[in-house]
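The values are calculated or read from the model by the stated rules, or taken from the named source; none is laboratory data. In this text, all values refer to a predicted model and were calculated from it rather than measured experimentally. Glycine also receives a Cβ, built like all others from the backbone with ideal geometry; neighbour counts cover every protein chain displayed. Note: areas computed on protein heavy atoms with side chains; ligands, DNA, RNA excluded. Shrake-Rupley method; radii C 1.70, N 1.55, O 1.52, S 1.80 Å.
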Amino acid sequence: VVITDIALGVLIVSTLSLLAYYTLFLTESSLFGDKEQITITFDQARGLRAGDSVLVAGVRWGRVASVEYDSNAHIDQRITVIATLTQPVELREDGWFRIEDSTLLGGRVLSINPGTPGVATLPDGASHRGEVVISPLDAMGNLLTESGDDFKDALSGLGELADLATKGEGLISDLLNSK
C-alpha cells in the first residue's frame with residue numbers, strides 16, 4: 001500500500017511539473033515581468049487570428065494577442081493587431097510589419113523586420129502600419145486571371161502542334177521522326 005501511494009505521488013508531481021513546463025515555457029508565459037505589446041494597423045487581416053506566431057527577423061518572438069475590425073476606421077487602418085512580445089524589440093524607421101503565410105497550406109504569421117542597425121529608432125508608442133503579403137498560390141491565380149486569354153492562346157497553339165505531330169506533319173513531327 002505504501003508503494004502505491006508513493007507511485008501515485010510521483011505520478012501527480014510529474015504530471016503537474018510537465019503541465020507547468022508546457023504552460024510557462026512553450027506557451028511563452030512568464031511569471032516575472034510584463035510582456036511588451038505592440039499595436040499595428042492593416043487594411044485587412046487575411047486570416048490572422050489571436051494565438052498566431054509573431055516572428056522577429058524569422059525568430060519566434062511572441063504571439064498575436066488580438067485582431068480587431070473597426071468599420072468606422074479609414075480603410076488602411078480598419079484592422080488593429082495587438083501582438084505580445086516575449087522581449088522588447090528596438091524598431092527602426094526602415095523596419096516593416098507584414099502578415100504572411102506560415103506555409104503554402106495555410107496559417108498566418110505576423111512578421112516583423114526591426115530595421116537596419118544605425119538607422120534612427122522609432123519612438124516608444126509610435127503608430128505602426130503593416131502590409132499584407134499575397135500568398136504564392138493567390139499570386140499565381142491572379143496571374144492566370146489577368147492573362148487568361150494569352151494562356152488560352154498558348155494552350156491552343158500547343159494543341160495544334162500536338163495535332164500536327166500526331167498526323168506526322170510539321171517541324172515537330174520531322175524532329176521526332178528523324179534519325
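For Asp5, Asp43, give the ranking by accessible area with the largest first, probe 1.4 Å.
Reading off the accessible areas and sorting them downward yields Asp5, Asp43.
Just to confirm the number: angle between the C-alpha axis of helix 2-21 and the first principal axis of the chain, 0 to 90 degrees, nearest 10?
Relative to the chain, helix 2-21 is tipped by roughly 60 degrees.
Give me Rg over Rh for the stretch 69-143, both radii from the alpha carbons and Rh done the Kirkwood way, two decimal places.
On the Cα set of the stretch 69-143, Rg over Rh gives 1.01.
Keeping every protein chain present and rolling a 1.4 Å probe, give me the accessible area per residue for the chain in Å².
70
Based solely on its DSSP helices, what 222 nm [θ] is calculated for the chain when runs of n ≥ 4 H residues each add -39,500 (n - 2.57) and the sum is averaged over all residues, nearest 500 deg cm²/dmol?
So the helix-based figure for the chain works out to -11000 deg cm²/dmol.
Which of rounded, prolate, oblate describes the stretch 52-112, given a ≥ b ≥ c as roots of the alpha-carbon gyration tensor eigenvalues and a/c under 1.5 marking rounded, otherwise prolate only if a/b is larger than b/c?
It comes out oblate by the Cα gyration axes.
Convex hull over the alpha-carbon atoms of the chain: what's its volume per residue in Å³?
So the per-residue hull volume is 322 Å³.
Loop only per DSSP, at most 13 neighbouring Cβ atoms within 10 Å: give me the trypsin sites (Lys or Arg not before Pro) in the stretch 49-116, ordered by residue number.
Qualifying residues, ordered by number: Arg49.
Considering only protein heavy atoms and a 1.4 Å probe, what is the carbon-and-sulfur percentage of the accessible area of the chain?
Solvent-exposed carbon and sulfur of the chain make up 59 percent of the total.
With an 8 Å Cα cut-off and a minimum separation of 6 or more residues, compute the relative contact order for the stretch 58-123 in percent.
28
Thr121 accessible area, nearest 10 Å², 1.4 Å probe?
Here the accessible area works out near 70 Å².
With a 10 Å cut-off between alpha carbons and a GNM built on the chain, which of Ser53, Ser135, Ser156 moves the most?
The residue with the greatest mean-square fluctuation here is Ser156.
Quick one: how many Å² of Ser127 are accessible to a 1.4 Å probe, rounded to 10?
Only protein atoms counted, so the area is about 110 Å².
Counting other C-beta atoms within 10 Å, and keeping those with at most 11, which DSSP coil GluC sites (Glu not before Pro) do you find in the stretch 61-123?
Loop-located and lightly packed - Glu90, Glu93.
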